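The values are calculated or read from the model by the stated rules, or taken from the named source; none is laboratory data. Fair warning: this is a prediction, and the values are worked out from it, not measured in the lab. Backbone-built Cβ (ideal geometry, glycine too); neighbour counts: all protein chains shown. Remember, those area values only see protein heavy atoms, side chains included, never the ligands or the DNA or RNA. Shrake-Rupley method; radii C 1.70, N 1.55, O 1.52, S 1.80 Å.
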Amino acid sequence: MPSIEDLPIKRKIIVFHCESALKGKDLENHKDKFPEVGFVKLSCTGRLNPVVAFKALVEGVGAIIIYGCPLNDCHNFDGNMFAKRRVFAAQSVAEALGVDPERLSYVQKDPLDYGVLTREISAMKRKLDSMGVEA
Amino acid sequence: MMTEKTLAYFRKIVKEAIKSGKIAGFLGWREVADMPGKTRAFVATTPEEVDLLVFNSFSRENLSRLLGGKTFYIPELKKGQKFGVMVKGCDSRNLLANVAENKVDRDNLWVIGVKCPGTIDIDLVRSGLDSDIKNITDDGTTLHVEMLDGKKADLVKSDYYDPRCLRCPYTSALEVDELLPDDMPKKPTKNWEKWMESYLQKPFEERRAYIISQLSRCTMCFACRDACPGCYCNTNCIMDYPKLPEPYLQKGTSLASILTYHFIHYFHLSDRCTNCGECARACPESIPLNLITEQLGYMTKTTWDFEPGTSDKAKTPLALYKVEEVLGR
Ligand code: SF4
Ligand code: SF4
(Lines give C-alpha, C1' and ligand atoms only; values in the text may rest on other atoms or scores of the structure.)
(Ligands and ions follow the chains in the order given, each with its own letter.)
Protein backbone atom coordinates (compact mmCIF):
# COMPACT_ATOMS: atom_id res chain seq x y z
CA MET A 1 0.00 0.00 0.00
CA PRO A 2 1.35 3.44 -0.82
CA SER A 3 2.39 5.57 2.11
CA ILE A 4 3.16 9.17 2.84
CA GLU A 5 6.88 8.61 2.15
CA ASP A 6 5.95 8.07 -1.51
CA LEU A 7 5.57 11.81 -1.87
CA PRO A 8 9.13 13.05 -2.23
CA ILE A 9 9.88 16.76 -2.33
CA LYS A 10 12.84 17.98 -4.35
CA ARG A 11 14.47 21.38 -4.30
CA LYS A 12 12.92 22.45 -7.52
CA ILE A 13 10.85 25.54 -8.19
CA ILE A 14 8.78 26.16 -11.29
CA VAL A 15 7.37 29.51 -12.29
CA PHE A 16 4.38 29.49 -14.61
CA HIS A 17 4.23 32.99 -15.99
CA CYS A 18 2.08 34.93 -18.37
CA GLU A 19 3.95 35.85 -21.51
CA SER A 20 2.99 39.48 -21.09
CA ALA A 21 3.97 39.67 -17.43
CA LEU A 22 7.50 38.36 -17.82
CA LYS A 23 9.31 38.79 -21.10
CA GLY A 24 12.42 40.06 -22.82
CA LYS A 25 15.16 41.41 -20.63
CA ASP A 26 13.13 40.92 -17.48
CA LEU A 27 12.86 37.18 -18.17
CA GLU A 28 16.55 36.93 -19.05
CA ASN A 29 17.50 38.63 -15.79
CA HIS A 30 15.40 36.24 -13.74
CA LYS A 31 16.81 33.26 -15.58
CA ASP A 32 20.36 34.45 -14.92
CA LYS A 33 19.65 35.09 -11.29
CA PHE A 34 17.94 31.76 -10.63
CA PRO A 35 19.46 29.20 -12.99
CA GLU A 36 17.88 26.33 -11.02
CA VAL A 37 14.33 27.66 -11.39
CA GLY A 38 12.22 26.52 -14.33
CA PHE A 39 10.27 29.18 -16.21
CA VAL A 40 7.23 28.03 -18.18
CA LYS A 41 5.58 30.49 -20.51
CA LEU A 42 1.80 30.59 -20.77
CA SER A 43 -0.28 32.71 -23.08
CA CYS A 44 -2.24 33.83 -20.02
CA THR A 45 -2.38 32.62 -16.41
CA GLY A 46 -6.09 32.06 -16.97
CA ARG A 47 -5.05 29.35 -19.40
CA LEU A 48 -3.31 27.29 -16.71
CA ASN A 49 -5.09 24.15 -15.63
CA PRO A 50 -4.29 23.86 -11.91
CA VAL A 51 -4.16 20.09 -12.35
CA VAL A 52 -0.80 20.61 -14.09
CA ALA A 53 0.52 22.52 -11.09
CA PHE A 54 -0.81 19.98 -8.62
CA LYS A 55 0.56 17.08 -10.62
CA ALA A 56 3.99 18.72 -10.46
CA LEU A 57 3.69 19.11 -6.69
CA VAL A 58 2.86 15.46 -6.07
CA GLU A 59 5.57 14.33 -8.47
CA GLY A 60 8.14 16.07 -6.29
CA VAL A 61 8.51 19.66 -7.45
CA GLY A 62 9.13 21.70 -4.32
CA ALA A 63 7.10 24.77 -5.12
CA ILE A 64 5.04 26.30 -7.90
CA ILE A 65 4.70 30.02 -8.45
CA ILE A 66 2.10 31.36 -10.81
CA TYR A 67 3.01 34.83 -11.98
CA GLY A 68 0.35 36.90 -13.67
CA CYS A 69 -0.36 40.44 -14.77
CA PRO A 70 -1.67 43.20 -12.47
CA LEU A 71 -5.31 42.64 -11.69
CA ASN A 72 -6.78 45.38 -13.85
CA ASP A 73 -4.28 45.00 -16.63
CA CYS A 74 -4.80 41.64 -18.29
CA HIS A 75 -3.92 41.45 -21.96
CA ASN A 76 -6.78 38.98 -22.40
CA PHE A 77 -9.26 41.11 -20.47
CA ASP A 78 -9.98 38.93 -17.42
CA GLY A 79 -7.84 35.79 -17.52
CA ASN A 80 -5.84 36.73 -14.44
CA MET A 81 -9.03 37.26 -12.39
CA PHE A 82 -10.14 33.72 -13.06
CA ALA A 83 -6.63 32.46 -12.41
CA LYS A 84 -6.58 34.12 -9.01
CA ARG A 85 -9.75 32.40 -7.88
CA ARG A 86 -8.75 29.12 -9.45
CA VAL A 87 -5.41 29.06 -7.69
CA PHE A 88 -7.16 29.80 -4.42
CA ALA A 89 -9.57 26.91 -5.02
CA ALA A 90 -6.65 24.67 -5.99
CA GLN A 91 -4.87 25.55 -2.75
CA SER A 92 -7.96 24.62 -0.77
CA VAL A 93 -8.32 21.29 -2.54
CA ALA A 94 -4.60 20.61 -2.07
CA GLU A 95 -4.93 21.33 1.63
CA ALA A 96 -7.89 19.01 1.93
CA LEU A 97 -5.94 16.27 0.14
CA GLY A 98 -2.95 16.68 2.42
CA VAL A 99 -0.57 18.57 0.15
CA ASP A 100 0.86 21.73 1.69
CA PRO A 101 -1.02 24.61 -0.01
CA GLU A 102 1.81 27.04 0.68
CA ARG A 103 3.89 25.26 -1.93
CA LEU A 104 1.58 26.77 -4.54
CA SER A 105 1.39 30.51 -4.80
CA TYR A 106 -0.06 33.17 -7.03
CA VAL A 107 1.68 36.54 -7.39
CA GLN A 108 1.02 39.46 -9.64
CA LYS A 109 3.34 41.74 -11.43
CA ASP A 110 3.43 45.20 -9.95
CA PRO A 111 4.37 47.95 -12.41
CA LEU A 112 5.88 49.99 -9.58
CA ASP A 113 7.82 47.18 -7.95
CA TYR A 114 10.15 45.00 -10.01
CA GLY A 115 11.18 42.79 -7.09
CA VAL A 116 7.92 40.89 -6.58
CA LEU A 117 8.91 37.70 -8.34
CA THR A 118 12.47 37.70 -6.98
CA ARG A 119 11.18 38.03 -3.45
CA GLU A 120 8.60 35.29 -3.97
CA ILE A 121 11.21 32.87 -5.32
CA SER A 122 13.49 33.60 -2.36
CA ALA A 123 10.58 33.16 0.04
CA MET A 124 9.77 29.80 -1.51
CA LYS A 125 13.41 28.76 -1.16
CA ARG A 126 13.34 29.68 2.51
CA LYS A 127 10.11 27.75 2.87
CA LEU A 128 11.72 24.66 1.34
CA ASP A 129 14.67 25.14 3.70
CA SER A 130 12.39 25.31 6.70
CA MET A 131 10.67 22.12 5.52
CA GLY A 132 14.08 20.45 5.53
CA VAL A 133 14.17 19.73 1.81
CA GLU A 134 17.63 18.50 0.79
CA ALA A 135 19.26 19.69 -2.36
CA MET B 1 -39.71 6.51 8.64
CA MET B 2 -42.71 7.91 6.87
CA THR B 3 -46.05 7.33 8.58
CA GLU B 4 -48.57 5.08 6.82
CA LYS B 5 -50.79 8.08 6.18
CA THR B 6 -48.14 10.09 4.38
CA LEU B 7 -46.93 7.06 2.43
CA ALA B 8 -50.49 6.35 1.30
CA TYR B 9 -50.96 10.00 0.33
CA PHE B 10 -47.67 10.01 -1.56
CA ARG B 11 -48.55 6.84 -3.49
CA LYS B 12 -52.02 8.20 -4.20
CA ILE B 13 -50.83 11.42 -5.84
CA VAL B 14 -48.20 9.54 -7.87
CA LYS B 15 -50.76 6.99 -9.03
CA GLU B 16 -53.15 9.74 -10.06
CA ALA B 17 -50.42 11.52 -11.98
CA ILE B 18 -49.46 8.33 -13.81
CA LYS B 19 -53.07 7.39 -14.60
CA SER B 20 -53.89 10.84 -15.94
CA GLY B 21 -50.78 10.76 -18.13
CA LYS B 22 -49.30 13.80 -16.44
CA ILE B 23 -46.04 11.99 -15.83
CA ALA B 24 -44.36 9.29 -17.88
CA GLY B 25 -42.78 7.66 -14.86
CA PHE B 26 -41.70 8.29 -11.31
CA LEU B 27 -38.18 7.91 -10.00
CA GLY B 28 -38.10 6.99 -6.34
CA TRP B 29 -36.65 4.44 -3.96
CA ARG B 30 -37.74 0.86 -3.45
CA GLU B 31 -36.65 -1.79 -1.03
CA VAL B 32 -34.34 -4.48 -2.30
CA ALA B 33 -35.03 -8.11 -1.47
CA ASP B 34 -32.23 -9.76 0.54
CA MET B 35 -30.50 -6.47 1.17
CA PRO B 36 -31.73 -5.17 4.50
CA GLY B 37 -30.98 -1.57 5.24
CA LYS B 38 -30.71 -0.61 1.58
CA THR B 39 -33.07 0.95 -0.91
CA ARG B 40 -32.33 1.51 -4.53
CA ALA B 41 -33.42 3.77 -7.35
CA PHE B 42 -36.52 2.59 -9.17
CA VAL B 43 -38.65 4.02 -11.96
CA ALA B 44 -42.36 3.27 -11.53
CA THR B 45 -44.30 3.50 -14.78
CA THR B 46 -47.59 1.77 -13.87
CA PRO B 47 -49.90 2.32 -10.87
CA GLU B 48 -49.05 -1.20 -9.62
CA GLU B 49 -45.37 -0.39 -9.52
CA VAL B 50 -46.07 2.73 -7.47
CA ASP B 51 -46.95 0.47 -4.52
CA LEU B 52 -43.29 -0.56 -4.39
CA LEU B 53 -42.08 2.98 -3.74
CA VAL B 54 -40.93 3.75 -0.21
CA PHE B 55 -39.04 6.39 1.66
CA ASN B 56 -37.25 5.67 4.91
CA SER B 57 -34.02 6.41 6.68
CA PHE B 58 -32.18 3.92 4.47
CA SER B 59 -32.99 5.88 1.29
CA ARG B 60 -29.52 7.30 1.06
CA GLU B 61 -28.92 7.27 -2.67
CA ASN B 62 -28.97 10.65 -4.39
CA LEU B 63 -31.48 10.34 -7.23
CA SER B 64 -30.69 13.64 -8.90
CA ARG B 65 -27.56 12.17 -10.48
CA LEU B 66 -29.82 9.92 -12.58
CA LEU B 67 -31.53 12.89 -14.22
CA GLY B 68 -28.62 14.46 -16.02
CA GLY B 69 -24.95 14.03 -16.60
CA LYS B 70 -23.65 10.49 -16.82
CA THR B 71 -26.88 8.58 -16.35
CA PHE B 72 -29.99 9.79 -18.02
CA TYR B 73 -33.09 8.07 -16.69
CA ILE B 74 -35.73 10.33 -18.22
CA PRO B 75 -37.62 8.38 -20.91
CA GLU B 76 -38.97 10.02 -24.03
CA LEU B 77 -41.76 12.37 -23.00
CA LYS B 78 -44.89 13.23 -24.93
CA LYS B 79 -45.68 16.88 -25.39
CA GLY B 80 -46.67 18.45 -22.07
CA GLN B 81 -45.74 15.33 -20.18
CA LYS B 82 -43.35 15.34 -17.27
CA PHE B 83 -41.15 12.94 -15.35
CA GLY B 84 -41.63 12.59 -11.62
CA VAL B 85 -38.84 12.41 -9.10
CA MET B 86 -38.58 12.37 -5.34
CA VAL B 87 -35.87 14.34 -3.56
CA LYS B 88 -34.53 14.83 -0.06
CA GLY B 89 -32.93 18.09 1.00
CA CYS B 90 -29.45 17.30 -0.29
CA ASP B 91 -30.76 15.82 -3.56
CA SER B 92 -32.82 18.93 -4.21
CA ARG B 93 -29.67 21.03 -3.99
CA ASN B 94 -27.97 18.88 -6.57
CA LEU B 95 -31.04 19.09 -8.76
CA LEU B 96 -31.04 22.90 -8.53
CA ALA B 97 -27.33 23.03 -9.27
CA ASN B 98 -27.83 20.83 -12.33
CA VAL B 99 -30.75 22.98 -13.48
CA ALA B 100 -28.57 26.08 -13.09
CA GLU B 101 -25.98 24.43 -15.32
CA ASN B 102 -28.57 23.40 -17.90
CA LYS B 103 -27.82 19.73 -17.42
CA VAL B 104 -31.47 18.99 -16.88
CA ASP B 105 -34.59 20.82 -17.97
CA ARG B 106 -36.65 21.69 -14.91
CA ASP B 107 -39.78 22.13 -17.01
CA ASN B 108 -39.73 18.41 -17.73
CA LEU B 109 -39.74 17.46 -14.09
CA TRP B 110 -42.40 17.06 -11.47
CA VAL B 111 -40.54 17.14 -8.17
CA ILE B 112 -41.87 15.79 -4.89
CA GLY B 113 -39.84 16.79 -1.86
CA VAL B 114 -39.57 15.33 1.59
CA LYS B 115 -38.17 16.70 4.77
CA CYS B 116 -35.35 14.29 5.43
CA PRO B 117 -35.26 12.59 8.83
CA GLY B 118 -31.55 11.84 8.46
CA THR B 119 -30.17 8.64 7.03
CA ILE B 120 -28.69 5.63 8.78
CA ASP B 121 -25.17 4.53 7.98
CA ILE B 122 -25.79 0.82 7.56
CA ASP B 123 -22.08 0.03 7.55
CA LEU B 124 -21.81 1.62 10.98
CA VAL B 125 -24.64 -0.62 12.20
CA ARG B 126 -23.01 -3.64 10.65
CA SER B 127 -19.60 -2.91 12.13
CA GLY B 128 -20.99 -3.13 15.68
CA LEU B 129 -22.71 -6.50 15.22
CA ASP B 130 -21.27 -10.01 15.50
CA SER B 131 -23.33 -11.46 12.68
CA ASP B 132 -24.74 -10.08 9.46
CA ILE B 133 -28.15 -8.44 9.34
CA LYS B 134 -31.16 -10.44 8.21
CA ASN B 135 -33.75 -7.77 8.68
CA ILE B 136 -33.73 -4.26 10.05
CA THR B 137 -36.64 -1.93 10.81
CA ASP B 138 -36.75 1.55 12.15
CA ASP B 139 -39.54 2.94 14.34
CA GLY B 140 -38.22 6.46 14.61
CA THR B 141 -36.12 6.12 17.77
CA THR B 142 -34.95 2.52 17.74
CA LEU B 143 -33.52 0.20 15.11
CA HIS B 144 -34.79 -3.35 15.49
CA VAL B 145 -32.21 -5.70 14.06
CA GLU B 146 -32.66 -9.38 13.36
CA MET B 147 -29.42 -11.18 12.71
CA LEU B 148 -28.55 -14.18 10.61
CA ASP B 149 -27.66 -16.24 13.66
CA GLY B 150 -31.16 -15.73 15.03
CA LYS B 151 -30.29 -13.16 17.69
CA LYS B 152 -32.12 -9.85 17.94
CA ALA B 153 -30.90 -6.46 18.98
CA ASP B 154 -32.47 -3.07 19.61
CA LEU B 155 -30.15 -0.21 18.82
CA VAL B 156 -30.55 3.45 19.71
CA LYS B 157 -31.09 5.15 16.37
CA SER B 158 -29.28 8.38 17.22
CA ASP B 159 -25.96 6.52 17.48
CA TYR B 160 -26.09 5.32 13.89
CA TYR B 161 -26.86 8.39 11.83
CA ASP B 162 -24.58 9.14 8.95
CA PRO B 163 -22.31 11.74 10.61
CA ARG B 164 -22.78 13.98 7.61
CA CYS B 165 -26.56 13.98 8.01
CA LEU B 166 -26.20 15.23 11.57
CA ARG B 167 -24.38 18.26 10.26
CA CYS B 168 -26.64 18.85 7.24
CA PRO B 169 -28.22 22.33 7.33
CA TYR B 170 -30.66 21.68 4.47
CA THR B 171 -33.01 18.89 5.53
CA SER B 172 -36.05 20.26 3.76
CA ALA B 173 -36.17 19.98 -0.03
CA LEU B 174 -35.82 23.32 -1.83
CA GLU B 175 -38.01 24.61 -4.66
CA VAL B 176 -40.15 21.54 -5.20
CA ASP B 177 -43.57 21.23 -6.79
CA GLU B 178 -45.03 19.33 -3.88
CA LEU B 179 -43.70 19.01 -0.36
CA LEU B 180 -44.93 16.01 1.60
CA PRO B 181 -46.17 16.73 5.13
CA ASP B 182 -43.41 16.64 7.69
CA ASP B 183 -44.40 13.94 10.14
CA MET B 184 -41.10 12.19 10.58
CA PRO B 185 -39.07 12.24 13.77
CA LYS B 186 -36.54 15.04 13.94
CA LYS B 187 -32.89 14.17 13.74
CA PRO B 188 -30.38 15.54 16.22
CA THR B 189 -28.36 18.39 14.71
CA LYS B 190 -24.85 19.64 15.08
CA ASN B 191 -23.51 22.96 13.92
CA TRP B 192 -21.66 22.23 10.73
CA GLU B 193 -19.53 25.38 10.68
CA LYS B 194 -18.43 24.98 14.29
CA TRP B 195 -17.47 21.39 13.62
CA MET B 196 -15.52 22.39 10.54
CA GLU B 197 -13.74 25.18 12.39
CA SER B 198 -12.65 22.84 15.14
CA TYR B 199 -11.44 20.38 12.50
CA LEU B 200 -9.43 23.08 10.76
CA GLN B 201 -7.86 24.09 14.07
CA LYS B 202 -5.96 20.83 14.13
CA PRO B 203 -2.37 21.14 12.89
CA PHE B 204 -1.99 20.61 9.16
CA GLU B 205 0.48 17.75 9.67
CA GLU B 206 -2.09 15.79 11.63
CA ARG B 207 -4.83 16.29 9.05
CA ARG B 208 -2.41 15.47 6.27
CA ALA B 209 -1.26 12.23 7.87
CA TYR B 210 -4.84 11.13 8.43
CA ILE B 211 -6.27 11.89 4.99
CA ILE B 212 -3.25 10.46 3.16
CA SER B 213 -3.34 7.25 5.19
CA GLN B 214 -7.00 6.96 4.22
CA LEU B 215 -6.55 7.87 0.58
CA SER B 216 -3.72 5.37 0.19
CA ARG B 217 -6.37 2.64 0.33
CA CYS B 218 -7.98 3.98 -2.84
CA THR B 219 -8.10 1.40 -5.62
CA MET B 220 -8.98 3.91 -8.36
CA CYS B 221 -12.32 2.24 -9.03
CA PHE B 222 -13.88 5.64 -9.83
CA ALA B 223 -17.08 4.82 -7.96
CA CYS B 224 -16.88 8.21 -6.30
CA ARG B 225 -16.78 9.88 -9.67
CA ASP B 226 -19.62 7.78 -11.06
CA ALA B 227 -21.80 8.50 -8.07
CA CYS B 228 -21.26 12.24 -8.12
CA PRO B 229 -24.27 14.23 -9.37
CA GLY B 230 -22.06 17.23 -10.03
CA CYS B 231 -19.51 15.53 -12.30
CA TYR B 232 -19.72 16.83 -15.78
CA CYS B 233 -17.87 15.03 -18.48
CA ASN B 234 -20.15 12.03 -19.08
CA THR B 235 -18.16 9.74 -21.33
CA ASN B 236 -15.29 12.16 -21.82
CA CYS B 237 -13.70 11.93 -18.39
CA ILE B 238 -9.93 12.06 -18.68
CA MET B 239 -9.64 9.04 -16.39
CA ASP B 240 -11.56 6.94 -18.92
CA TYR B 241 -9.10 7.18 -21.75
CA PRO B 242 -7.44 3.79 -21.86
CA LYS B 243 -4.19 5.18 -23.22
CA LEU B 244 -3.52 8.28 -21.21
CA PRO B 245 -0.72 10.50 -22.42
CA GLU B 246 2.04 8.97 -20.32
CA PRO B 247 3.46 9.92 -18.00
CA TYR B 248 1.01 12.75 -17.41
CA LEU B 249 -1.69 10.57 -15.89
CA GLN B 250 -1.34 6.98 -14.90
CA LYS B 251 -4.08 4.72 -13.73
CA GLY B 252 -1.74 2.86 -11.41
CA THR B 253 -2.32 3.11 -7.71
CA SER B 254 0.73 5.07 -6.75
CA LEU B 255 -0.01 7.80 -4.25
CA ALA B 256 0.79 10.46 -6.84
CA SER B 257 -1.82 9.14 -9.27
CA ILE B 258 -4.39 8.70 -6.52
CA LEU B 259 -3.91 12.27 -5.37
CA THR B 260 -3.96 13.58 -8.93
CA TYR B 261 -7.21 11.77 -9.67
CA HIS B 262 -8.82 13.13 -6.51
CA PHE B 263 -7.48 16.57 -7.26
CA ILE B 264 -9.11 16.49 -10.70
CA HIS B 265 -12.43 15.37 -9.24
CA TYR B 266 -12.49 17.79 -6.33
CA PHE B 267 -11.02 20.72 -8.16
CA HIS B 268 -13.78 20.45 -10.75
CA LEU B 269 -16.28 20.23 -7.90
CA SER B 270 -14.59 22.80 -5.69
CA ASP B 271 -17.22 25.50 -6.11
CA ARG B 272 -20.09 23.24 -7.16
CA CYS B 273 -20.03 20.43 -4.63
CA THR B 274 -23.18 20.47 -2.54
CA ASN B 275 -21.77 18.16 0.08
CA CYS B 276 -24.32 15.50 -0.69
CA GLY B 277 -21.93 12.84 0.53
CA GLU B 278 -22.65 10.52 -2.37
CA CYS B 279 -18.94 10.01 -3.08
CA ALA B 280 -18.18 8.93 0.48
CA ARG B 281 -21.20 6.66 0.41
CA ALA B 282 -20.21 5.04 -2.87
CA CYS B 283 -16.61 4.33 -1.89
CA PRO B 284 -16.11 0.59 -1.42
CA GLU B 285 -13.02 1.27 0.68
CA SER B 286 -14.97 3.52 3.09
CA ILE B 287 -12.58 6.40 2.60
CA PRO B 288 -13.98 9.47 4.43
CA LEU B 289 -14.19 11.59 1.31
CA ASN B 290 -16.70 13.80 3.09
CA LEU B 291 -13.78 15.35 4.98
CA ILE B 292 -12.59 16.74 1.66
CA THR B 293 -15.98 17.89 0.41
CA GLU B 294 -16.87 19.53 3.70
CA GLN B 295 -13.67 21.55 3.64
CA LEU B 296 -14.52 22.66 0.11
CA GLY B 297 -18.04 23.64 1.19
CA TYR B 298 -16.61 25.63 4.06
CA MET B 299 -14.13 27.36 1.78
CA THR B 300 -16.84 28.30 -0.74
CA LYS B 301 -19.13 29.58 2.00
CA THR B 302 -16.58 31.62 3.93
CA THR B 303 -14.64 33.01 0.98
CA TRP B 304 -17.30 33.67 -1.58
CA ASP B 305 -20.45 33.47 0.52
CA PHE B 306 -21.85 30.95 -1.90
CA GLU B 307 -23.66 27.70 -1.24
CA PRO B 308 -23.98 25.58 -4.37
CA GLY B 309 -27.43 24.34 -5.20
CA THR B 310 -29.44 26.86 -3.26
CA SER B 311 -30.67 28.63 -6.39
CA ASP B 312 -31.30 27.59 -9.97
CA LYS B 313 -29.96 30.87 -11.34
CA ALA B 314 -26.68 31.47 -9.58
CA LYS B 315 -23.36 31.17 -11.35
CA THR B 316 -20.60 29.48 -9.44
CA PRO B 317 -17.73 31.57 -8.00
CA LEU B 318 -15.05 30.17 -10.30
CA ALA B 319 -17.05 31.41 -13.28
CA LEU B 320 -17.21 34.94 -11.86
CA TYR B 321 -15.09 37.57 -10.23
CA LYS B 322 -15.85 40.64 -8.20
CA VAL B 323 -15.16 44.20 -9.27
CA GLU B 324 -13.50 44.90 -5.93
CA GLU B 325 -10.89 42.33 -6.77
CA VAL B 326 -10.11 44.08 -10.03
CA LEU B 327 -9.62 47.35 -8.25
CA GLY B 328 -7.46 45.59 -5.68
CA ARG B 329 -9.49 46.77 -2.73
S1 SF4 C 1 -18.09 15.57 -4.81
FE2 SF4 C 1 -19.18 14.11 -3.46
S3 SF4 C 1 -20.31 15.40 -2.00
FE4 SF4 C 1 -19.71 16.73 -3.73
S5 SF4 C 1 -21.47 16.72 -5.14
FE6 SF4 C 1 -20.06 15.07 -5.82
S7 SF4 C 1 -20.78 13.19 -4.77
FE8 SF4 C 1 -21.74 14.97 -3.71
S1 SF4 D 1 -14.73 5.22 -4.66
FE2 SF4 D 1 -13.10 5.07 -3.10
S3 SF4 D 1 -11.67 3.47 -3.89
FE4 SF4 D 1 -13.01 4.11 -5.61
S5 SF4 D 1 -11.82 5.72 -6.68
FE6 SF4 D 1 -13.19 6.77 -5.19
S7 SF4 D 1 -11.94 6.99 -3.32
FE8 SF4 D 1 -10.91 5.47 -4.62
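Compute the signed sum of charges (Lys and Arg +1, Asp and Glu -1) over the other residues within less than 15 Å, Cβ to Cβ, of B:Val176.
-2
In degrees between 0 and 90, to the nearest 10, how far off the longest principal axis of chain A does helix A:116-130 point, with axes built from Cα atoms?
Once rounded, one gets 10 degrees.
How large is log10 of I(q)/I(0) for the stretch A:4-131 at q = 0.10, 0.15 Å⁻¹ when the intensity is taken from the Debye formula with one equal scatterer per alpha-carbon?
Debye output, listed in q order: -0.29, -0.66.
Mind checking which aspartates and glutamates have their C-alpha under 13 Å from B:Lys190, skipping anything on the same chain fewer than 8 residues away?
In chain and number order, the partners are B:Asp162.
Once you sort the root eigenvalues of the Cα gyration tensor of the protein assembly as shown as a ≥ b ≥ c, which label holds: rounded (a/c under 1.5), prolate (a/b larger than b/c) or oblate (the other case)?
It comes out prolate by the Cα gyration axes.
List, in the order given, every pair from B:Lys38/B:Lys88; B:Lys82/B:Lys187; B:Lys115/B:Lys157; A:Lys41/A:Lys109 whose Cα-Cα distance in the structure shown is over 21 Å.
Beyond 21 Å between Cα atoms: B:Lys82/B:Lys187.
Could you give the dipole magnitude of the stretch A:4-131 about its Cα centre, charging the beta-carbon of Lys and Arg +1 and that of Asp and Glu -1, in debye to the nearest 20?
For the stretch A:4-131, the charge dipole is close to 160 debye.
Give, ordered by residue number, each residue of the stretch A:1-50 whose 1.4 Å probe accessible area is reduced by a minimum of 30 Å² on adding the remaining protein chains to the chain alone.
A:Met1, A:Pro2, A:Ile4, A:Leu7
Using the structure shown, list the pairs from A:Lys84/A:Lys127; B:Lys78/B:Lys103; B:Lys301/B:Lys322 with a Cα-Cα distance above 24 Å, or answer none.
none
Hey, got a sec? Which GluC sites (Glu not before Pro) in the stretch B:41-115 land in a DSSP loop and have at most 15 other Cβ atoms within 10 Å?
Listed in order of number, the matching sites are B:Glu76.
When the Cα centres of the stretch B:2-34 and the stretch B:122-191 are compared, how far apart do they sit, in Å?
Between the Cα centres of the stretch B:2-34 and the stretch B:122-191 lies a distance of 22 Å.
Ratio to report: Rg/Rh of chain B, with Cα atoms as the point set and Rh obtained by the Kirkwood method; give two decimals.
Looking at chain B, the ratio lands at 0.97.
What aspartates and glutamates sit close enough to A:Lys55 to cross-link, taking a C-alpha to C-alpha distance under 17 Å and skipping anything fewer than 8 places away on the same chain?
Leaving aside aspartates and glutamates fewer than 8 places away in the same chain, those within reach of A:Lys55 are A:Glu5, A:Asp6, A:Glu95, A:Asp100, A:Glu102, B:Glu246.
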